[in-house]
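The values are calculated or read from the model by the stated rules, or taken from the named source; none is laboratory data. The structure displayed is predicted, hence computed values, not measured ones. Please note: Cβ atoms are built from the backbone with ideal geometry, for glycine as well, and neighbour counts cover all protein chains shown. Only protein heavy atoms, including side chains, enter the accessible area calculation; ligands, DNA and RNA are left aside. Shrake-Rupley method; radii C 1.70, N 1.55, O 1.52, S 1.80 Å.
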Amino acid sequence: MCGIVAYIGPKDATPFLLEGLARLEYRGYDSAGVAVAGRTGGIKVRKVKGRVADLAAAVPARFKGSTGIGHTRWATHGVPSDANAHPHLDNAERIAVVHNGIIENADELRAKLAADGAVFRSETDTEVLGHLIAAHAAEGVELEEAVRAALGKVVGTYGIAVLDAEQPDRIVVARNGSPIVLGIGEKEMFVASDVSALVRYTRQVVHLEDGELATVRADGFRTFTEDARTTHRQPSTVDWEIDSYDTGGYEHFLLKEIHEQPGSVERTLGGRLDERFATAHLGGLNLDARELREIRRVKILGCGSAYYAGEMGAQLIEELARIPAHSEPASEFRYRNPVIEADTLYIAVSQSGETYDTLAAVQEVKRKGGRVLGVVNTVGSAIARECDGGIYLHAGPEISVASTKAFTSTVVAFALIALHFGRIHDLSPADGRRIVSALKALPDQIREVLAQSDAIAGLAAEYAGSEGMMFIGRVRGYPVAREGAQKLKEISYVHAEAYPASELKHGPLALISPELPTVALVPDDELLDKNLTTLGEIKARSGRVLAVAHRRPEAKLADHCILVPKSEPELDPLLLNIPLQLLAYHAAVALGRDVDKPRNLAKSVTVE
Ligand code: AGP
């Protein structure tokens, strides 16, 4: 959601703050601000509605300080504006706060603070924190004590960084539901909501736990709990490469991440295929074969594209392991008082590992005694830590708001899970070998699809002007259609609907016209004839068809076709999805959209 950075050390904080915010901008990008303290006394603040580049232009050369905090915002309380941008100050301009998350009792706190004389200058929930901390920061009180006392009155989620004009030798940070990472430098310290802002400066990091605070000084840090007990945290080393955080010569992160997929799939598979027993090795599941045999059902939980990847995963588990499996939006599941069964295995899916709805769903399952595994990209993230075991994707950092390589790696991870479960149940060694060799072939097959990028750009330019697009697929193809529609609408803002091909004649066929083209998934599998019949029904209503297929349909059934290499039928959805990523990307470029930072969205949705 929003991004936080902070610096304390011998250098001027501002360059790090601005550079760090630019790296975190994918998390939120409707306004940004910085505050510094030190040298000349007092706190200086600059904040603007708009992008980090607008903020950098508004920061004067004399804006210097050895301690500083910064924020890039995705609005929840109050519109994007200069006033609502963070940092927020108390009335004496002694305390400055940046905050990610939501203060649920902000209205109540605001009323009390206003009655005591606080004057509010924004519509945000965050501003109450500045006034509340200032109210506890009486003379002689250490900043960490004032922050701890203030947080004791707060209900909600937060990651915060606090600056005090009277104690500029420290920054106090706290985490409850929204990540905070400390970066350890040489006689300097960094803070960020996400390691991507830190890796240029240090690889040594400490992830705060929920309910933990830290006092950060230039020469080190001290962590403690909300009830003032000191905690002892060992730094870990970030192993993602620095160039993962640059566009690396590509025009956009999204295009780079689409093209990284052969490598990210190789990393997801790395060391996990067992050719001898035609299965997958997944030590992180923390479940032995006997425990796995007792599982009668699998429920997959995730949001957005993670949910659609879960739909593909459910299909794979049912087909290969013959265990009933179903994917459900975590955002719905957590609110419906779900029945948690002892013999159901729950699997949470998340690229960021931070999505609040998914985390809340995991916590609900665990509270009721269920067992949850995670399929997560971000090592050490909140969801990964909350799960009983799982699989890391190792897809590398995904910066563009729209998920591509993490989506593909998630489906690969589910193929490994399905293979592993299947071989413990009744999947034959021959079928196991068939899946193992198909998985090994995926990276090269993805390269074949990516080589068609220019041709797909031509098709995208032709279809991008449509008033909307229909995406259809049958059974294995339906989640592909859903993800394809999601990608297109997310980054190009073209209206897109996904339907099971079999459902078209039960209603949506009424929409078909030359203005509403259809993208049809037409794999060469046991349902090919049914799919071709559907294409005929669309063409008979003057609909235009772009087929994504293994074999080119007759000209009378499809206006255009993107050919995709054939895998095994169970794995075909993985490859059918890749051209849809390129279609969405090139359509968004053709329409002049802000591809990596689409309007109204943010990369990690860490609020309800
Ligand atoms: C994907 O393109 C979207 N940006 C979005 O649906 C995303 O997949 C969803 O918010 C879940 O994120 P997560 O994987 O980080 O939990």
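Hey, can you tell me all the residues within the range 326-355 that are within 14 Å of the ligand (Cβ to nearest atom), part of a loop (DSSP other than H, G, I, E, B) and open to solvent by 20 Å² or more (accessible area, probe 1.4 Å)?
ARG334, GLN351, GLU354, THR355
Within the range 210-232, which residues are surrounded by 18 or more Cβ atoms within 10 Å (Cβ to Cβ) and either touching a Cys at 6+ places or on another chain (Cβ under 6 Å) or polar (S, T, N, Q) (or both)?
Listed by number, the residues that qualify are THR215, THR223.
Suppose the filter is among the aromatic types (Phe, Trp, Tyr) and assigned to a helix (DSSP H, G or I); does TYR7 pass it?
In short, no.
Let's see how each residue does on (1) open to solvent by 50 Å² or more (accessible area, probe 1.4 Å); (2) part of a loop (DSSP other than H, G, I, E, B); (3) out of contact with any strand residue (DSSP E or B) (no Cβ under 7 Å at 6 or more places or on another chain); (4) in contact (Cβ under 8 Å) with a residue 60 or more places away in the chain:
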{"site": "GLY41", "(1), (2), (3), (4)": "no, yes, yes, yes"}
{"site": "ALA53", "(1), (2), (3), (4)": "yes, no, yes, no"}
{"site": "ARG62", "(1), (2), (3), (4)": "yes, yes, yes, no"}
{"site": "GLY68", "(1), (2), (3), (4)": "no, no, no, yes"}
{"site": "ALA75", "(1), (2), (3), (4)": "no, yes, yes, no"}
{"site": "GLU93", "(1), (2), (3), (4)": "yes, yes, no, yes"}
{"site": "HIS99", "(1), (2), (3), (4)": "no, no, no, yes"}
{"site": "ARG110", "(1), (2), (3), (4)": "yes, no, yes, no"}
{"site": "ARG121", "(1), (2), (3), (4)": "yes, yes, yes, no"}
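Name the pairs whose Cβ atoms lie under 6 Å apart, with the first residue in the range 293-318 and farther than 15 Å from ALA415 by Cα, the second assigned to a helix (DSSP H, G or I) and among the hydrophobic types (A, V, I, L, M, F, W, C), and 6 or more positions between them or separate chains?
Matching pairs, first to second residue: LEU301/ALA330; LEU301/PHE333; LEU301/ALA361; GLY302/ALA330; CYS303/ALA330; SER305/PHE407.
Out of the residues in the range 263-319 that are acidic (Asp, Glu) and more than 16 Å from the ligand (Cβ to nearest atom), state the one that is farthest from GLU608 (Cα to Cα).
Here the answer is GLU275.
Does ALA22 meet the test of being modelled with pLDDT of 95 or more and not acidic (Asp, Glu)?
No.
What pairs come out if I take residues in the range 469-494 that are of a type in the set (Phe, Trp, Tyr) and pair them with residues that are open to solvent by less than 10 Å² (accessible area, probe 1.4 Å) and away from the ligand (no atom under 11 Å from the Cβ) whose C-beta lies under 7 Å away, six or more apart or interchain?
PHE471/ALA481; PHE471/GLY484; PHE471/ALA485; PHE471/ALA496; PHE471/VAL519
What do you reckon, is ILE323 assigned to a helix (DSSP H, G or I) and among the β-branched types (Val, Ile, Thr)?
No: the conditions fail for ILE323.
Identify the single condition in (1) within 13 Å of the ligand (Cβ to nearest atom); (2) open to solvent by 10 Å² or more (accessible area, probe 1.4 Å) that GLU398 does not satisfy, given that it satisfies every other one.
Answer for GLU398: the failing condition is (2).
Basic (Lys, Arg), crowded, with 21+ Cβ neighbours inside 10 Å and within 16 Å of the ligand (Cβ to nearest atom): does that describe ARG474?
The answer is no for ARG474.
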